[in-house]
Amino acid sequence: MYDALLLIGVLAATWVLPHMLIGMAFHVTAPGIVLAAHLVLVLAVYFLWYWRNGGQTLAMQTWKIRLVSVRGTPPSWQQLALRYVLAWPSICYAGVGLWWALFDRDRQFLHDRLSGTRIVFQ
């Protein structure tokens, strides 16, 4: 949830502002699919960049947790992309992938288990 608060500023600058300026300048609104694709792209860039460069988003730094591969090394781009894609249904379907951690032997989220990543405490 802390990442969501931080993302308000990121999305305002990289998603809302460009579409607002285009709308004002050209009197058009992008189709919904373009808006959704842009949103997913902005979020992907934010999460993938932070996870790859240090293993932590800003919120993860606050909570002193880090994302690593199951071997303890920095995750590959493929693992990070898979984690990002799998996190959407994991969270959006009533948080089923988050609830999974309650029953997982290593307390991993479902998207971490499937992507070969894990959250560790520093």
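Overview of results
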| item | result |
| --- | --- |
| Boolean, ALA30 is under 23 Å from LEU114 (Cβ atoms) and either aromatic (Phe, Trp, Tyr) or surrounded by 12 or more Cβ atoms within 10 Å (Cβ to Cβ) (or both) | no |
| Spans of helices (runs of 4 or more DSSP H) in region 13-86 with at least 3 residues without any contact (Cβ under 8 Å) to a residue 40 or more places away in the chain | 17-26, 32-52 |
| Residue within region 105-121 that is touching a Leu at 6+ places or on another chain (Cβ under 8 Å), at pLDDT 95 or above, in a loop (DSSP other than H, G, I, E, B) and of a type in the set (Phe, Trp, Tyr) present | yes |
| Qualifying residue in region 18-25 (condition: surrounded by 13 or more Cβ atoms within 10 Å (Cβ to Cβ) and within 18 Å of SER115 (Cα to Cα)) | no |
| Exclusive hit being out of contact with any strand residue (DSSP E or B) (no Cβ under 7 Å at 6 or more places or on another chain) and at pLDDT 95 or above, set ALA37, ALA59 | ALA37 |
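The values are calculated or read from the model by the stated rules, or taken from the named source; none is laboratory data. From a predicted model like this one, the values you see are computed outputs, not experimental measurements. Heads up, the Cβs are rebuilt from the backbone with ideal geometry, glycines too, and the neighbour counts pull from every protein chain shown.
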